[in-house]
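Some notes on the structure that comes next.
The values are calculated or read from the model by the stated rules, or taken from the named source; none is laboratory data. In this text, all values refer to a predicted model and were calculated from it rather than measured experimentally. Cβ coordinates were reconstructed from backbone atoms using ideal geometry, including for glycine residues, and neighbour counts include every protein chain displayed.
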Amino acid sequence: MEIIIVTLMMGFLLAIFIAIPRVFKSDQRKAVQSNNVVKAPKAYTKAEVSLHDKRTDCWIIIKQKIYDVTSYVEEHPGGDAILAHAGDDSTEGFYGPQHATRVFDMIEDFYVGDLLE
């Protein structure tokens, strides 16, 4: 009889140590997930974009979308060519023959908003 009681108590304690931490982790995950807010894209005028025309603050326009490529300027394989249209429309240069198809996937990482017309 004592063995059964001890076994039941051990099972109960073991269940508490396994179940309770999982409940708390589940609640924490829900709290973290609810804090992830998706921001709507912002819209900028051409005048606003034109202010971002430096190596340390470089935005470009490609097909009416605005990209902050400041962090990429130093890595750009074409050197300072990316700065030729900083703060302006770079659509023609972007779709030039010098770019590999991977740039079409990469550019989305730099998206900040749309151009107001």
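For segment 58-90, a residue qualifies if it is modelled with pLDDT under 90 and under 23 Å from T45 (Cβ atoms), and exactly one does: I82. Within segment 40-63, the set of residues being without any contact (Cβ under 8 Å) to a residue 12 or more places away in the chain and within 18 Å of the chain's Cα centre (by Cα) comprises just one member, A40.
Filtered by the rule that a residue be under 23 Å from the mean Cα position of the chain (by Cα) and either closer than 21 Å to L116 by Cβ or hydroxyl-bearing (S, T, Y) (or both), segment 64-87 gives Q64, K65, I66, Y67, D68, V69, T70, S71, Y72, A86, G87. As a summary of the residue check, G93 satisfies the conditions (1) at pLDDT 90 or above; (2) surrounded by 10 or more Cβ atoms within 10 Å (Cβ to Cβ) except for the one numbered (1).
Scanning segment 86-117 for residues that are touching a strand residue (DSSP E or B) at 6+ places or on another chain (Cβ under 6 Å) and of a type outside the set (A, V, I, L, M) yields G87, D89, S90, T91, F94, F110, Y111, G113, D114.
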